[in-house]
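A.B. asks: Just dropping this structure here.
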Amino acid sequence: MSCELSRTILHGYFDGELDAARAAEFERHLENCAECVAALEAEESVRSAIGRGKMYATAPAGLRKRVLDEVRGGNAAVARVAEMPQRGYQARKPYWGWLAAAAAILLVAYVGYRELAGLQSNSDEAVTAAQVVDAHLRSLQPGHLTDVVSTDQHTVKPWFDGKVDFAPPVKDFAEQGFPLQGGRLDVIRGRTVAALVYGRRKHFISVFVWPAQGKDGGRHSGALQGYQWLDWRSGGMEFWAASDTAATDLEQLRQLFGQ
Amino acid sequence: MKESARGKDSDVENSPDQVRFEQLVLPHLDAAFNLARWLLRSRADAEDVAQEAMLRAYRFFSGFHGGDARAWLLQIVRNSCYTWLEKNGAAEKLTEFNEELHGPASPTPEALTIAGDEERRLANALESLPARYREVIVLRELEGCSYKEIATIAAIPIGTVMSALARGRRQLQLALLNPARKGAAREL
């Protein structure tokens, strides 16, 4: 490697951390630097291998239980019962015993609930991801891409008034390489949602937006039938992006929406 | 864990701290375990250290004044991991990665094309990196942290996050190309 940028700025670009001006400048550089293009491809290939590799180590159920146990005073309370006689807290002993028992029951109920909720949300996610990718595919059929064709966010945003019961955040990111193409209505999980369409080089990205159920955050991603999807919540909205472009593009778009 | 400033009586009732801790910090247990697993290179050790770190976080929770709970927790996890590594004689010298050892190969997507045991190869390659590069890659690629969050968690200036990632990724690619040299990198 001899191009200095491939060791520095390229990574900021790859991570969507450059400001618009520097990102645009680097894209101009990319047009003339085969080395950086190759380096970017190599990084993307490693990133998608990491994505495929299921390398994220989730906490074992036993650990979760032990931590909850401690926090809820289960074990800790029991430990204190043992200490109490020396400390002269004898009178409170029966109370601690009950508390420990109650905590144990609560804990079992809570862990059970959390696990069920976890399973539920995983399969929920898979269903939504499938519908999002399907909706994106459908939109690519002739004439289905957009209901309102405009690159002007001030045209697209009011178009949704009265068509959905919320105000989707419509922003144009043309300067950052994601020009707004328009919007349309779609149905995901039986709910009418706003779909924003962005261009990315020669690809299209659909971003489906509807009011979120949970707190902001929660970034998830995956691939289905060769299409990437990325889900996150911000500003009280649920976002699902789908496209055949690189996963890094979706990530970059997510960060643009977050700004 | 009860000697905290919260005092004895607040432990008996369900303290608001406990509820807040369960809402804000506990959901990041996976993040805590994942970081510990990659820093310690062992699931068993990660379980112990992540548990200890969660309890430390709970003890110090009164010192958390809002903001990014995940970053706050991961800072504690990271410190616990390095303390553990030191105690167990496994502390790594933060030596510069020796590129000579790994050859001056220039990775291409083709060369990185993956065999069936891709996951194992990746894990080995990642584990072969020095901890300070391994952690930024784990935080960025697995945890999806922003540069700002990485700077907070890894206690480095935000300006160095990009260069740490650049170096780490280069080493990761080299390690993927030269899996046999894994031991050499590990002993640095």
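Read-outs: derived from the displayed coordinates by stated rules, not from any lab. These numbers come from a predicted model, not from an experiment. Backbone-built Cβ (ideal geometry, glycine too); neighbour counts: all protein chains shown.
A.B. asks: Calculate the length of the line joining the C-alpha centroid of the stretch A:27-53 to that of the stretch B:35-86, in whole Å.
C.D. replies: Centre-to-centre distance over Cα atoms comes out at 33 Å.
A.B. asks: Right, next: Can you run phi through the Karplus equation (6.51, -1.76, 1.60; θ = phi - 60°) for the stretch B:18-31 and list ³J(HN,Hα) in whole Hz, with x for Gly and Pro?
C.D. replies: Whole-Hz 3J(HN,Hα) from phi for the stretch B:18-31: 5, 5, 5, 4, 5, 7, 9, 9, 4, x, 9, 4, 4, 4.
A.B. asks: Please compute, for peptide B:172-178, the average count of beta-carbon atoms on other protein chains lying within 10 Å of each residue's beta-carbon.
C.D. replies: Per residue, the average neighbour count from other chains is 2.
A.B. asks: Skipping prolines and chain starts, which residues have an amide H placed within reach, meaning under 5 Å, of the one on A:Thr245, given they are 5 or more residues away or on another chain?
C.D. replies: Residues meeting the amide H criterion: A:Gln228.
A.B. asks: Can I ask one more? Please tell me which of these pairs span more than 26 angstrom C-alpha to C-alpha: A:Lys202/B:Lys148; A:Lys157/A:Lys215; A:Lys215/B:Lys148; A:Lys54/A:Lys202; B:Lys87/B:Lys148; A:Lys54/A:Lys171?
C.D. replies: A:Lys202/B:Lys148; A:Lys54/A:Lys202; B:Lys87/B:Lys148; A:Lys54/A:Lys171
A.B. asks: Could you check the simple spin-label distance between B:Thr83 and B:Glu119, using points 7 Å along Cα→Cβ, in nm with one decimal?
C.D. replies: Going by the 7 Å Cα→Cβ label model, 3.3 nm.
A.B. asks: Now for a different question. Going by amide H atoms built from the backbone, whose H comes under 5 Å of the H on A:Ser234, apart from near neighbours?
C.D. replies: A:Gly217, A:Phe239
A.B. asks: Could you go through the stretch B:129-136 in sequence order and give the Karplus-derived ³J(HN,Hα) for each residue, using 6.51 cos²θ - 1.76 cosθ + 1.60 with θ = phi - 60°, rounded to whole Hz, and x for Gly and Pro?
C.D. replies: Karplus values, whole Hz, x for Gly and Pro: 7, x, 3, 6, 7, 4, 5, 5.
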